[in-house]
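Comments concern the structure below.
The values are calculated or read from the model by the stated rules, or taken from the named source; none is laboratory data. Remember, it's a predicted structure, so these values are computed and weren't measured experimentally. Here the Cβ positions follow ideal geometry from the backbone for every residue, glycine too, while neighbour counts run over all protein chains shown. For accessibility, only protein heavy atoms count, side chains too; no ligands or nucleic acids. Shrake-Rupley method; radii C 1.70, N 1.55, O 1.52, S 1.80 Å.
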Amino acid sequence: MQDSVRQLRSTTGYYFMQGGGQMGDLIRAKDWSKTPLGDPATWPQSLCTMVSVLLENPFAMYIAWGEEFTQIYNDGYRPILGNTKHPAALGISTTETFAEIWEIIGPMFNGVMNGQAIGFPDLMLPLSRNGYTEECYFDFAYSPIRKENGEVGGVLVTVIETTNKKKAEDALQESKGQLQFAVESTELATWDYNPVTNKFTSNDRLKEWFGLKDDYEIELQHAINSIAADDQDRVARKIEQSLKFTSGGKYDIEFTIVHPVTFKERIVRTKGNAWYDDNKIAYRLNGTIQDITEQALARRKLEQSEEQIRSMVETAPFPIGVYIGEEMKVQFANESLLGIWGKGNDVFGKSFKQILPEFENQEIFKHIDAVYLTGVPYHTKNQQVDIVRDGKTSRFYFNYSFTPLTDAAGKIYGVMSFAADVTDLNIAKLAIQKSEENLRGTILQAPVAMCILRGENFIVELANDRMFELWGKSAVEVMHKPIFEGLPEAKDQGFEEILHGVYTTGKTFSADGVPITLPRNGDIEIVYVNFVYEPYRNADGIISGILAVAVDVTAQLTASKNIEEREQKFRLLADSMPQHIWTADVDGNLNYYNQSVYDYSGLTQQQLDEKGWIQIVHPDDREENVKVWLQAVQTGHAFHFEHRFQRSDGAYRWQLSRAVPQRDDAGNIQMWVGTSTDIQEMKEMNQQKDDFISIASHEMKTPLATAKGYLQLLLLALNEENPTSFLYVTKANQAVDRLHNLVKELLDASKIQNGQLHYNISTFDFNEITEETIENMKLTTKNHRLQITGSCLHLVTGDKERLQQVLINLINNAIKYSPDAHEVIIHIEEQAGKIQVSVQDFGIGIPKHHLDKIFERYYRVEEQAAHFQGLGIGLFISGNIIHRHKGRLWAESEPGEGSTFYFTLPF
Ligand code: ADP
């Protein structure tokens, strides 16, 4: 036995020392080995059992064990010991603790030790337990505690203190004597009614209340007259009823008396008994009347307030219901609840579960049943509740509770439900949640860098990949950290203040092109950003963070900076040049002139901008200038034009203007860059040259004609007898012819230059003049076969000889520039409204870049010039003749394979 006790102690403490509140703690903490009881492990079984009972018992219990009467007591006993004896009493002797009454109780204790139980109701003990001696009363029971061997080991004292009860009883006793006085002093009136005489007697108080005269007997009706009009019938009926034997004779009614003189109202309750004779006829009805005005008014007030509460509950905006019994029958459901259920008003008395079967799988029945069974109220918040109304499920959210209803006996008889409809709130919350989700989605997919920084430490709550790129950080490095902790590189650049400002004022902040140093490729670089900080508000509208949007504009800024720099360089360069330099936009509007233009024209930038470039162009050149310029802008071909510009002193000087389009990588024109070079001196020199050629050739014409005439005469004079002389003269004649032709060409060229070439216009058959020309040429052509193909049906109007001159020119060139070939093909064909003539050879051909230029005066293809004789004016003259006929002359060629010259003439 003791072994097992020891074992128990080693694990959980002594089994008989469990619980017991403060005394339990003290008993367990006590070192019992220092007391006469010794180590608890050695305690006899009966003591152990009693200690365990004592600790578990709420009533005052006390053990005095052994010869020393060593004390053990529980929490219930503590008040009896008061503050002075407790806690010292534990573990010491009763003789010590109760020294002052040991005289009285000592003999009793000894009696108990001899097996004599003893009890004392209302035992008075003068105890000094609160620092002063007081009379205390106890119901005491002293019983023996026996050990296993039957011997009494100690005294068990169970005590119920009756000090207070005793005092009350004493007081009552004392007051008994005062009862009569008390009855008088209570507001009772007495009456006695005789139904036979219909008269009654009463005490003075009643008479006073009813305003009756002081007669001995009074007519009942007199009294009834003083009852409030509304109550008179009722009282009369009640009296009548009580007089009947079958009523049992009990008379008990409440009514109002109105004093006939003072009109003082008094609510009274009258109680009485009817007395019957052997014939069951009432001969007396007597009793008392009590003034219950105050109580009645109070009760009515209570009723009124109950009524108010009831109607408040009825009309309460929140749903309230009461369900009775296990079946949960609806006893009460207010308007609001009925409205939410939407099951009509015919629900009272029906089972809650029948009315709302849809609650079955929403666990609501489970909860309400549990409340009914356990009495533990159930509360829930924001609970989703689906209710089927008109066949449709409506979703609600409620804060609701089920509370048990208990009757006076404490038995649960029903459950009451309170609810608050928080559907709107929940829907709003859900909407906010949804919009938050949307926002999150938007941020993650946004084409610009975005993030949400939460709280006053700006913790990175959400950021998209672009933001990570901009920060130059990975998600792991910055997410869920204060931004300046994750991105210390951005610290102390003024962003903390800006963020803080937006967070506290709620004002959005935005800025463009702000430089910020950020990590880039393991280095720190300046990055330029456009950014917006917007306050981020939670559902309650309170700022809970910042929504940041940023765009890295470094590339754009540096690009536009580069462009600016380049433009700057271009202007510097352009302004330092003596040539006029200008630019134009895609549409051909001039938008820049270098310094030279201003210097030359003497105009200000404003003047040039307002009236345009054309104002300095010579009036005679303007029309053509505009035409050619617009053509260039439209076609995108280079602009090339000679015109005169007015200088600041009013003089005009010739300029050669060129402009080329600047294209982007896709080939789209971005702008035009133009130059105008002063060619006045060159022009003048050319003029002098032309003048000289003109004069020289003119002067040569006459001596040449004379020489030719004499050579003709000489040929006639010579005969075949002198063949050698004849041959020489023939050669000389041919050379003079060639010279004559050259002079003629030179003259033609200068005439063209001066606009003096005249035309004799007629209409003729082009086939004919072609054949004629070719027949003539065949006479002197030895190595080449001249072949005509095609023909023209229409007649042509123009200068026959000049057109023949063009043909001769082209065919001569074809022969001259195809020394190794043997054929020239002249082809004539008609096209819509015009004739097209081509002269094709199979000679040396012309490199592409010379194709346009060979029609200029004196222009010859350099590489060939040395090998072939010529002046470079044949094509110039031909081109002019064709232009004057409103036709076009051009060449196509493949070097080494030959050339084809085309011209067209309109009919
Ligand atoms: P010229 O023949 O007197 O030099 P042109 O005005 O007739 O002057 O021709 C100009 C230039 O065009 C020539 O110098 C020559 O280089 C080139 N050319 C003209 N016709 C031909 C052709 N059929 N084949 C090759 N080159 C030609």
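Structure notes:
- Matching entry among I145, I105 (being over 16 Å from I27 (Cα atoms), hydrophobic (A, V, I, L, M, F, W, C) and part of a strand (DSSP E or B)): I145
- Among the residues of segment 713-761, the ones that are without any contact (Cβ under 8 Å) to a residue 24 or more places away in the chain, more than 16 Å from I873 (Cα to Cα) and among the polar types (S, T, N, Q) come to 7 in all.
- Residues that are of a type outside the set (D, E, K, R) and open to solvent by 40 Å² or more (accessible area, probe 1.4 Å) within segment 444-469 comprise L444, Q445, P447, V448, N457, I459, listed in sequence order.
- Here D621 qualifies as under 24 Å from E684 (Cβ atoms), outside any strand (DSSP E or B) and in contact with a strand residue (DSSP E or B) (Cβ under 6 Å, 6 or more places away or on another chain).
- The single condition among (1) modelled with pLDDT under 95; (2) over 22 Å from K744 (Cα atoms); (3) touching a helix residue (DSSP H, G or I) at 6+ places or on another chain (Cβ under 9 Å); (4) within 16 Å of the ligand (Cβ to nearest atom) that M777 does not satisfy is (2).
- Test: residue in segment 820-834 that is closer than 16 Å to W890 by Cα, within 12 Å of the ligand (Cβ to nearest atom), part of a loop (DSSP other than H, G, I, E, B) and of a type in the set (G, A, S): no
- Check on I769, over 30 Å from Q646 (Cβ atoms) and not acidic (D, E): yes
- Residue identified as among the acidic types (D, E), touching a residue at least 12 places away in the same chain (Cβ under 8 Å) and more than 30 Å from L746 (Cβ to Cβ) among D585, D665: D585
- Qualifying residue in segment 786-806 (condition: farther than 17 Å from F842 by Cα, open to solvent by less than 30 Å² (accessible area, probe 1.4 Å) and part of a loop (DSSP other than H, G, I, E, B)): yes
- Test: I808 is within 18 Å of I881 (Cβ to Cβ), among the aliphatic types (A, V, I, L, M) and within 12 Å of the ligand (Cβ to nearest atom): yes
- Qualifying residue in segment 741-751 (condition: more than 12 Å from the ligand (Cβ to nearest atom), of a type in the set (S, T, Y) and crowded, with 18+ Cβ neighbours inside 10 Å): yes
- Pair list, Cβ < 6 Å and 6+ apart or interchain, from segment 817-833 residues that are under 16 Å from G790 (Cβ atoms) to residues that are in a loop (DSSP other than H, G, I, E, B) and hydrophobic (A, V, I, L, M, F, W, C): I828/C792; E830/C792
- Of all the numbered requirements in (1) open to solvent by 50 Å² or more (accessible area, probe 1.4 Å); (2) acidic (D, E); (3) touching a helix residue (DSSP H, G or I) at 6+ places or on another chain (Cβ under 7 Å), D690 misses one, and that requirement is (1).
- Those strands (runs of 3 or more DSSP E) lying entirely in segment 397-496 with at least 1 residues within 30 Å of V371 (Cβ to Cβ) and not hydroxyl-bearing (S, T, Y): 412-421
- Summed over segment 872-898, residues that are over 20 Å from L803 (Cα atoms) and within 8 Å of the ligand (Cβ to nearest atom) total 2.
- Residues (more than 7 Å from the ligand (Cβ to nearest atom) and within 28 Å of K800 (Cα to Cα)) located in segment 858-868: Y858
- Residue, surrounded by the most Cβ atoms within 10 Å (Cβ to Cβ), within segment 629-648, restricted to residues that are without any contact (Cβ under 8 Å) to a residue 24 or more places away in the chain and not in a loop (DSSP other than H, G, I, E, B): F641
- Whenever a residue of segment 380-395 is modelled with pLDDT of 85 or more, its partners that are outside any strand (DSSP E or B) and β-branched (V, I, T), lying with C-beta atoms within less than 7 angstrom and at least six residues away or across chains, give the pairs I387/I340.
- Scoring S838 on the criteria (1) within 11 Å of the ligand (Cβ to nearest atom); (2) surrounded by fewer than 21 Cβ atoms within 10 Å (Cβ to Cβ) leaves a single failure, condition (1).
- Hits in segment 849-907 - residues which are of a type in the set (D, E) and outside any strand (DSSP E or B): D852, E856, E862, E863, E897
- Within segment 841-857, considering residues that are near the ligand (Cβ under 6 Å from one of its atoms) and of a type in the set (A, V, I, L, M), the one farthest from P906 (Cα to Cα): I844
- Residues being in contact with a helix residue (DSSP H, G or I) (Cβ under 6 Å, 6 or more places away or on another chain) and in contact (Cβ under 8 Å) with a residue 60 or more places away in the chain - total across segment 804-816: 2
- Boolean, M682 is aliphatic (A, V, I, L, M) and in a helix (DSSP H, G or I): yes
- Selection count where residues are closer than 18 Å to L444 by Cβ, open to solvent by 30 Å² or more (accessible area, probe 1.4 Å) and within 21 Å of the chain's Cα centre (by Cα), scope segment 470-495: 3
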